[in-house]
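Asker: So that we are looking at the same thing, I have put the structure below in structure tokens.
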């Protein structure tokens, strides 16, 4: 049975010539599954590799453009209304630093000016608004300088008074003298009106530098491009000190103050001391000092100008009387010691006056206690 099945299988198989089989066995490249030996990698093509890497890597031009876009967007954040309030600044409209920050933001957003120009313009604008007060104060100081010898005499009386009655007489005499010459002391205090504004500028700008506000790091000018950092060359500090010395020698911010040689020395030394004291301050803060000082020196020039004073009806500035050579040779320490001696002498005189007054009160009380009131009847008087 097995043999018969094998014979049937052999009859079914038909053998063909070898050439026909060779011709029929032709291998074709498959489009779906290529042979491994038929794959050509790109590593054997340098130009293709370089081109592919260049296509895959990001362009440096795009990186630069993206960085500039980010920087511009960051700098423009401060040009939006309410930006300072959104970062915790400019919280109120009554606290001086917050008010100054509001004003700085209004000017910066409205004009689009860089921060260095905004700080400068706001400083000059606020000082210009206070200029009428300084004009009135300059007039009062010039009137006061005319009667200074008489005021010195009254002041000596007041300092040497030993009781309250003498002090009151001296005070009334001084008040009458000031009224006769049209002097009002409240205008002499006009420079103090700048004090809360100065504190507001200093504290407000310092807070903006410490944050720092967007734009403060790159919206400076010249060598201090970063307003949030300290001036590395101390140029702003030196300029501010020089300007302060200049306008103090011109007669202060009112132009009518007559400083003694000792006080001129003091106002020369103090600005020089301020240079190392402010060397760690941010450039934005010192820029405010410089802008404020520049306005002060121009204000002194204007208020000392004779044509301007005549035009405004201001009193003429009287030159100070010549000093005693002995007093002119006194140093700062000598003047300070004399002031202490006068204050000590005045305190001793007042202590003596108070002791005398207490003694008189005690005697008066003793007399009242020892006195007896005798009641006399009408019939006793007839007897």
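The values are calculated or read from the model by the stated rules, or taken from the named source; none is laboratory data. If you're wondering where the values come from, they're calculated on a predicted model, not measured in any experiment. Please note: Cβ atoms are built from the backbone with ideal geometry, for glycine as well, and neighbour counts cover all protein chains shown.
Asker: Filter region 149-184 down to residues that are part of a helix (DSSP H, G or I) and in contact (Cβ under 8 Å) with a residue 40 or more places away in the chain and give me whichever is surrounded by the fewest Cβ atoms within 10 Å (Cβ to Cβ).
Answerer: Taking the candidates together, the pick is 149.
Asker: Output the qualifying pairs, or none if there are none: Cβ atoms under 8 angstrom, residues six or more apart or on different chains, first residue in region 238-256 and at positive phi, second residue modelled with pLDDT under 75.
Answerer: Every condition considered, the pairs that remain are 251/257; 251/258; 251/259; 252/259.
Asker: Right, here's the next one. For region 154-171, which residues satisfy the criterion of being farther than 30 Å from residue 300 by Cβ and within 42 Å of the chain's Cα centre (by Cα)?
Answerer: The answer is 156, 158, 159, 171.
Asker: Could I ask something else about it? Can you tell me which residues in region 92-122 are closer than 18 Å to residue 212 by Cβ and assigned to a loop (DSSP other than H, G, I, E, B)?
Answerer: 113, 114
Asker: Which one of these is buried (at least 21 other Cβ atoms within 10 Å of the Cβ) and touching a helix residue (DSSP H, G or I) at 6+ places or on another chain (Cβ under 8 Å): 267, 295, 202?
Answerer: Only one candidate passes the filter, namely 295.
Asker: Could you list, in sequence order, the residues of region 125-148 that are surrounded by 15 or more Cβ atoms within 10 Å (Cβ to Cβ) and under 30 Å from residue 110 (Cα atoms)?
Answerer: Across region 125-148, the qualifying residues are 126, 127, 130, 133, 134.
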